[in-house]
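Student: Structure in structure tokens, see below.
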Amino acid sequence: MSNESQAAAATAAVLVLADGRVFRGRGFGATGTTLGEAVFTTAMTGYQETLTDPSYHRQLVVATAPQIGNTGWNDEDYESRGNKIWAAGFIIRDLSRIPSNWRSERSLEDELKAQGIIGIRQIDTRALVRHLRDNGSIAAGIFSGEDAQQSVDKLVEIVRAQPAMKGADLAREVSTDQAYVVEAQGEKKARVVAYDLGIKSNTPRELAKRGLEVVVVPANTPYEDIKKEYQPDGVFLSNGPGDPATADEMVAVAKAALDDGMPLFGICFGNQILGRALGLNTYKLVFGHRGVNVPVKDHRTGRIFITAQNHGFALEGKAGESFDTPWGEAEVTHTCLNDDVVEGVALKNGMAFSVQYHPESAAGPHDAHSLFDDFLELIQKVDFNKSATGNSNK
């Protein structure tokens, strides 16, 4: 082992929770201090997609899988524009010493170092996850190298001083600065404006596969602006981080789209925005849903989906509940079979629908791909621009 490798192997690190719980281990990736909310994911695979998902902004991700890094890192599976890792830090049990996958181009640790992301390994992740399940996601910090030598009292003080996740308006921090276009594959059937609230790269690709031209715009762009400039046939609200209770501007966008009769589809954070527009409240979950194996039931059909999820907030409501809105009757369409959390809402007239999970399947199962087909079918049925102006932008 080289001197550099020996030094890396010996780097002391400590994970400190705001409640005073401490886990000591070894650092990997970059060295120093990083703060965020400690959350866990139950996914056994897909760590590259997880780390680059903008929904993990300001979060320290705990992997429940016992060994991480086996498949290395490649230049194809990024889920963020600019190939950025958005997770604030990575917490694992064992780091694979040698990546082994035909698509691997470098190691996980190499990429963490290159992007300045701090990790900690060789801690008891089972005990940590049990603590988070019992007590909830919590403010935390990873300290490695010289930073780890400070007293525990001082480290706890640093951790507790960071901003809370509840009340955090983070979508604007991860959103694109400028609009960009993802061209339709094959024949162009319609144009969709997708609001980037932390959108994953595979989502516009899934829309494009269905012949939809996707114009991705910054969070909080006024509805009248996108209607005037792009003349969309539908509006999509993406996933993203932060507290949906802060997203008043995006709720106003959703309401304006509903007033206009625009086909509307949302996922994850977009589900919470549509729910708020329809009159529902949101709340913070104890430890959230994060993984690629979460069972969800569609109460309209009885079908059960295995889904990919990443959210710490949710809509209030009960399975199959109907309620009145200014745009007609709405209903809670989906709930999680693990804990009855609301996983989808829709207008009964079909003009707007959303789900709490990630149908783009990066990483994750393909069960929910049909939602993109449903959106295309709604757009073609409504043919918004033709009915509104007598013309079409197709």
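The values are calculated or read from the model by the stated rules, or taken from the named source; none is laboratory data. None of the values given here were measured: they were computed from a predicted structure. Using ideal geometry, Cβ is built from the backbone for each residue, glycine included, and neighbour counts are taken over all protein chains shown. Quick note on the areas: whole protein, heavy atoms, side chains included, nothing else; ligands and nucleic acids left out. Shrake-Rupley method; radii C 1.70, N 1.55, O 1.52, S 1.80 Å.
Student: Which of (1) at negative phi; (2) in a loop (DSSP other than H, G, I, E, B); (3) open to solvent by 10 Å² or more (accessible area, probe 1.4 Å) is the odd one out, the single condition Glu79 does not satisfy?
Tutor: (3)
Student: Quick check on region 172-185: of everything there that is among the polar types (S, T, N, Q) and either modelled with pLDDT under 95 or over 20 Å from the mean Cα position of the chain (by Cα) (or both), which residue is least open to solvent (accessible area, probe 1.4 Å)? Outline the logic, then answer.
Tutor: Narrowing region 172-185 to residues among the polar types (S, T, N, Q): 175-176, 178, 185.
Now narrow it down to the ones that are either modelled with pLDDT under 95 or over 20 Å from the mean Cα position of the chain (by Cα) (or both): 178, 185.
Values: Gln178: 140, Gln185: 100 Å².
Looking at residues that are among the polar types (S, T, N, Q) and either modelled with pLDDT under 95 or over 20 Å from the mean Cα position of the chain (by Cα) (or both), I get Gln185.
Student: Select from region 199-215 the residues that are outside any loop (DSSP other than H, G, I, E, B) and among the basic types (Lys, Arg) and write down the one among them that is least open to solvent (accessible area, probe 1.4 Å). Before you say what the answer is, go through the steps one by one.
Tutor: Pass one, region 199-215, residues outside any loop (DSSP other than H, G, I, E, B): 202-209, 212-215.
Of the ones still in play, those that are also among the basic types (Lys, Arg) are 205, 209.
Details: Arg205: 91, Lys209: 114 Å².
Only one residue tops the list, namely Arg205.
Student: Output the number of residues of region 19-76 satisfying the condition of being acidic (Asp, Glu), open to solvent by 10 Å² or more (accessible area, probe 1.4 Å) and either modelled with pLDDT under 95 or more than 21 Å from Ile123 (Cβ to Cβ) (or both). Before the answer, list the steps.
Tutor: Looking only at region 19-76, we keep the residues that are acidic (Asp, Glu), and these are 19, 37, 49, 53, 75-76.
Okay, now just the ones that are also open to solvent by 10 Å² or more (accessible area, probe 1.4 Å), so 19, 37, 49, 75-76.
Now restrict to residues that are either modelled with pLDDT under 95 or more than 21 Å from Ile123 (Cβ to Cβ) (or both): 49, 75-76.
Residues in region 19-76 being acidic (Asp, Glu), open to solvent by 10 Å² or more (accessible area, probe 1.4 Å) and either modelled with pLDDT under 95 or more than 21 Å from Ile123 (Cβ to Cβ) (or both): 3 in total.
Every residue, every condition in (1) farther than 22 Å from Gln162 by Cα; (2) open to solvent by 10 Å² or more (accessible area, probe 1.4 Å); (3) over 20 Å from the mean Cα position of the chain (by Cα), yes or no:
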position	(1), (2), (3)
Ala87	no, no, no
Arg97	yes, yes, yes
Gly116	no, yes, yes
Leu128	no, no, yes
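Student: Just to check your reading of the model, which residue among Gly242, Gly266 is outside any strand (DSSP E or B), within 17 Å of the chain's Cα centre (by Cα) and crowded, with 20+ Cβ neighbours inside 10 Å? Walk me through how you get there before you give the answer.
Tutor: Values: Gly266 fails: outside any strand (DSSP E or B).
Of Gly242, Gly266, the one residue that is outside any strand (DSSP E or B), within 17 Å of the chain's Cα centre (by Cα) and crowded, with 20+ Cβ neighbours inside 10 Å is Gly242.
Student: Name the residue, out of Asp134, Asp196, Asp147, Asp169, that is loosely packed, with under 13 Cβ neighbours inside 10 Å and of a type outside the set (Gly, Ala, Ser).
Tutor: Working: Asp196 fails: loosely packed, with under 13 Cβ neighbours inside 10 Å; Asp147 fails: loosely packed, with under 13 Cβ neighbours inside 10 Å; Asp169 fails: loosely packed, with under 13 Cβ neighbours inside 10 Å.
Within the list Asp134, Asp196, Asp147, Asp169, the selection yields Asp134.
Student: Counting just the residues of region 379-394 that are open to solvent by less than 60 Å² (accessible area, probe 1.4 Å) and modelled with pLDDT of 90 or more, which one comes out farthest from the chain's Cα centre (by Cα)?
Tutor: Start the filter on region 379-394 by keeping residues that are open to solvent by less than 60 Å² (accessible area, probe 1.4 Å), which leaves 379, 382-385, 390, 392-393.
Subset that is modelled with pLDDT of 90 or more: 379, 382.
Values: Ile379: 25, Val382: 29 Å.
For region 379-394, the residue satisfying everything is Val382.
Student: Further question: Looking only at region 219-239, which residues are in contact with a helix residue (DSSP H, G or I) (Cβ under 8 Å, 6 or more places away or on another chain) and open to solvent by less than 40 Å² (accessible area, probe 1.4 Å)? Full working, then the answer.
Tutor: Let us first name the residues in region 219-239 that are in contact with a helix residue (DSSP H, G or I) (Cβ under 8 Å, 6 or more places away or on another chain), namely 219-224, 231-239.
Within region 219-239, Ala219, Asn220, Thr221, Tyr223, Pro232, Asp233, Gly234, Val235, Phe236, Leu237, Ser238, Asn239 meet the criteria.
Student: Provide a single number: the residues in region 15-60 that are in a strand (DSSP E or B), farther than 14 Å from His131 by Cα and among the hydrophobic types (A, V, I, L, M, F, W, C).
Tutor: 4
Student: Have a look at Gly312, Gly288 and point out the one that is touching a Pro at 6+ places or on another chain (Cβ under 9 Å), in a strand (DSSP E or B) and either within 19 Å of Asp53 (Cα to Cα) or touching a residue at least 40 places away in the same chain (Cβ under 8 Å) (or both).
Tutor: Values: Gly288 fails: touching a Pro at 6+ places or on another chain (Cβ under 9 Å).
Only one candidate qualifies: Gly312.
Residue-by-condition table, conditions (1) in contact (Cβ under 8 Å) with a residue 60 or more places away in the chain; (2) surrounded by 15 or more Cβ atoms within 10 Å (Cβ to Cβ):
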| position | (1), (2) |
| --- | --- |
| Ala330 | no, yes |
| Cys336 | no, yes |
| Asp339 | no, no |
| Gln356 | yes, yes |
| Ala362 | yes, yes |
| Glu377 | no, no |
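Student: Please go through region 280-301 and give me each residue that is of a type in the set (Val, Ile, Thr), surrounded by fewer than 20 Cβ atoms within 10 Å (Cβ to Cβ) and over 25 Å from Ser322 (Cα atoms), ordered by number.
Tutor: Selection gives Val286 alone.
Student: Looking only at region 364-375, which residues are outside any helix (DSSP H, G or I) and open to solvent by 30 Å² or more (accessible area, probe 1.4 Å)? Don't jump to the end; show me each part of the working.
Tutor: From region 364-375, those outside any helix (DSSP H, G or I) are 364-369; that's our starting set.
Those that are outside any helix (DSSP H, G or I) and open to solvent by 30 Å² or more (accessible area, probe 1.4 Å): Pro365, His366, Asp367, His369.
Student: To continue, here is another question. Looking at Lys154, Lys188, which one is open to solvent by 70 Å² or more (accessible area, probe 1.4 Å) and either of a type in the set (Lys, Arg) or without any contact (Cβ under 8 Å) to a residue 40 or more places away in the chain (or both)? Give the derivation first.
Tutor: Values: Lys188 fails: open to solvent by 70 Å² or more (accessible area, probe 1.4 Å).
None of the others qualify; the one that does is Lys154.
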